[in-house]
1. Under the classification rounded if a/c is under 1.5, otherwise prolate if a/b is larger than b/c and oblate if not, where does the range 22-69 fall, given a ≥ b ≥ c as square roots of the Cα gyration tensor eigenvalues?
2. Per-residue ellipticity at 222 nm for the chain, helices alone: DSSP H runs ≥ 4 residues times -39500 (n - 2.57), over residue total, nearest 500 deg cm²/dmol?
3. Loop-only GluC sites (Glu not before Pro) in the range 196-303, please: DSSP not H, G, I, E or B, and at most 16 other Cβ atoms within 10 Å.
4. Per 10 Å bin from zero, what fraction in whole % of the C-alpha pairs of the range 129-176 is there, up to the bin with the longest pair?
5. Choose one answer from Lys256, Lys86, Lys96: the residue with the largest mean-square fluctuation in a GNM of the chain with alpha-carbon springs under 10 Å.
6. Over the chain, with a Gaussian network built from C-alpha contacts below 10 Å, which listed residue (Ile122, Ile49, Ile99) shows the highest mean-square fluctuation?
7. Whole number please: convex hull volume per residue, Cα atoms of the range 119-237, in Å³.
8. Go from 0 up to the bin containing the longest alpha carbon distance in the range 45-180, width 10 Å each, and give me the % of pairs per bin.
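Coordinate-derived values only; no laboratory data. Remember, predicted model here, so these are calculated numbers, not experimental data. We place every Cβ from the backbone using ideal geometry, glycine too, and count neighbours over all the protein chains shown.
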Amino acid sequence: MNDNIYDVLIIGAGPAGLTAAIYTSRELHKTVVLEKAVAGGLPATTHLIENYPGFPEAIAGNELMERIKAQALRFGTELSEFSEVKSLVKEEGIFKTDIGTRIYESKTVIIASGSAPKVLGIEGEERLRGRGVSYCGICDGPFFAGMDVAIIGGGNSGLQEGEFLLKFVKSLTFVEYLPYMPASKILQKRLHDTGKVRFIVNHEVASIDGDDFVESITIKPRTRHESQKIDVAGVFIYAGFVPNSAFVEGLAQLDKAGYILTDERMQTSTPGLFAAGDIRSKQIRQITGATSDGTLAGIFAGAAIEGH
Ligand SMILES: Cc1cc2nc3c(=O)[nH]c(=O)nc-3n(C[C@H](O)[C@H](O)[C@H](O)COP(=O)(O)OP(=O)(O)OC[C@H]3O[C@@H](n4cnc5c(N)ncnc54)[C@H](O)[C@@H]3O)c2cc1C
């Protein structure tokens, strides 16, 4: 058999993919991780992680991911950054992906490509993207020092990012579509106690306004027509996620929302093809869950190679 064929090809270098890589390369399975950007996944853009076991004082998201990456590399994982997988096929029992600069072949594949922030399609959102509209507080927060800012979405992601933004901004206005704030109560209390935060529930954002940069948002109650303008210099959007699974359509069975269906061994509908982390069809998406999925996918991909 061709020596260039990997035992395990992992798509995505977030917590799920890198944990799977620790397990497979530690078992001396020839492992490559293809990452479309830089390694680290979503936690690398998250300010502080407070609920990952072993770090009672919390740990910066990028530091946690540097450590997990170092652990995978130490066991011999090959990591290729800026390598986006756009298609994946299985031919004569071998998986193949052509990333433009190179064709990779592997006996097994673990998909750990996570999800991307949802674009809401609000008027002004696309036009003012990068001009006050952002999907990443960690990346863009410092640009809004001393300014009034809005966050669309009152879930845990929005409030966590809000907590980070409060280091810089003058005030934060949350706009939530549901009649209540879905984020955990402890986060809500912490933000509320700063005196710089306002929560507006049961409203939708009708438009994001401004000529060259964001100047305001227009919101309206879900049940009535009158609208209200709020002056803000920035709008951060945390309104859910869409799965990065387009490249696997037809090869693996997906749920209605596009997440990959697996059994409890992380095995998809195609033998030798596994999925782990946020890309999997499941209810709760957390780093601990992603590393757990990565563990199982790594172990069972290893078992599949042995029987290959
Ligand atoms: C703002 C925010 C705060 C959060 N805070 C916490 C927290 O405090 N604690 C917690 O436990 N969880 C938290 N989460 C959830 C946590 O980040 C995720 O559950 C976790 O990152 C999932 O890991 P993953 O490896 O499955 O996916 P991801 O971390 O999303 O990693 C997927 C990787 O795959 C890459 N990729 C995607 N498509 C391709 C492709 N086609 N080819 C190659 N590479 C690809 C991506 O670039 C990315 O690096 C937070 C999430 C957000 C958004």
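1. Oblate shape, in that a/c is at least 1.5 and b/c is the bigger or equal ratio.
2. Helix contribution divided over all residues of the chain: -6500 deg cm²/dmol.
3. Glu215, Glu226, Glu264
4. Answer for the range 129-176: a P(r) of 28, 66, 7 percent.
5. Most flexible of the set in this elastic network: Lys256.
6. Of Ile122, Ile49, Ile99, the Gaussian network model singles out Ile122 as fluctuating most.
7. 92 Å³
8. 9, 27, 28, 23, 11, 1
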